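I have placed the structure first, in the form of structure tokens, so that the comments after it can refer back to it.
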Amino acid sequence: MIGQLLDQIRDYYVSRFIDAINEYSSADGVTLAHEPAFCDANGDVVTEGELALPSRGDLLVIRDGAVSNSIQIDTDGMLSFEPIAFDWPENNLNVDLHPFQWNWMQLRIFGLKTDADWTPIRGWFIGWFQENDPADDELLGGVHFLSDPESVDDYSQLSIDLGTAPVESFEELLDAIGQMGAACVHIGQFEDSQ
């Protein structure tokens, strides 16, 4: 049941992503680059933040050899469902799953030490980032963005754009959270403060 729900959440976003590619690529004189990694002037992938992570854009519209528009694919809504609580069997992680968008998911991780080692989450992101940009006729199948962790009261919060990564990436993220020694994770879209 969880797998089917995650498939629907991902498909809701990815279908809109594909629609946007088709819409913008039909314009005359336009080349489209989708899911490009952000690079410096030398073409090297740029990393930022506390976790030194790369990130990807959604779509770049190129006219006459120059980027004329950068487009962020967003979804106006999200699938609605009652929150679901379950234990992730790999590491006894308690998961509280709320509605979220595949391209904007927030994690509230409970039970971490104040000096938590974020290596498992960073490794998860790098593994799903995908080294090369996708071919013109393919989706990347990779994640786009992960924010720095922010300590709030008794939890750490992160925001993630899962991009076009498959549901398997979500499952491996739960593994990584459990490897950090977390007791519980709330997944969804939350207000800035509770």
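What follows is calculated from the coordinates using simple rules that are stated; it is not laboratory data. As the structure is a prediction and not an experimental result, all values here were calculated from the model. We place every Cβ from the backbone using ideal geometry, glycine too, and count neighbours over all the protein chains shown.
What number, in percent, do you get for the relative contact order of the chain if the mean sequence gap of Cα pairs under 8 Å and at least 6 apart is divided by its residue count?
25
Could you pull out the trypsin sites (Lys or Arg not before Pro) across the range 97-194 that fall in loop regions by DSSP (anything but H, G, I, E, B) with no more than 12 other Cβ atoms inside 10 Å?
113
Output the Kirkwood hydrodynamic radius of the chain, Cα pairs only, in Å rounded to one decimal.
Answer for the chain: a Kirkwood hydrodynamic radius of 17.7 Å.
Among all stretches of the chain without exposed GluC sites (Glu not before Pro) (DSSP loop, at most 11 other Cβ atoms within 10 Å), which one is longest?
51-130
Do any chymotrypsin sites (Phe, Trp or Tyr not before Pro) in the range 103-194 lie in a loop, going by DSSP, with at most 16 other beta-carbon atoms within 10 Å of their beta carbon, and if so which?
When the chymotrypsin sites (Phe, Trp or Tyr not before Pro) of the range 103-194 are filtered for loop state and at most 16 Cβ neighbours within 10 Å, 190 remain.
For residue 153 and residue 87, compute 0.36 nm times the residue count separating them, minus their Cα-Cα distance, and round to one decimal in nm.
21.4 nm
Please get the size of the charge dipole for the chain, origin at its Cα centre, with Cβ charges of +1 on Lys and Arg and -1 on Asp and Glu, quoted in debye to the nearest 20.
Magnitude of the dipole: close to 120 debye.
Between residue 71 and residue 114, with labels modelled 7 Å along Cα→Cβ, what's the label distance in nm to one decimal, could you check?
About 4.8 nm separates the two model spin labels.
Report the calculated FRET efficiency for residue 96 and residue 133 (r = Cβ-Cβ distance, R0 = 41 Å), to the nearest 0.05.
0.70
Using a 10 angstrom cutoff on alpha carbons, build the Gaussian network for the chain and name the most mobile of 123, 29, 178.
Ranking 123, 29, 178 by mean-square fluctuation puts 29 first.
Under 17 Å from a point placed 7 Å out from the Cα of residue 2 along the Cα-to-Cβ direction: which residues of the range 109-149 have their backbone N that close?
Once the point is set 7 Å along Cα→Cβ of residue 2, 109-110 turn out to lie under 17 Å by backbone N, inside the range 109-149.
Between residue 16 and residue 189, what length in nm is gained on full extension when 0.36 nm per residue of separation is reduced by their alpha carbon distance?
60.4 nm
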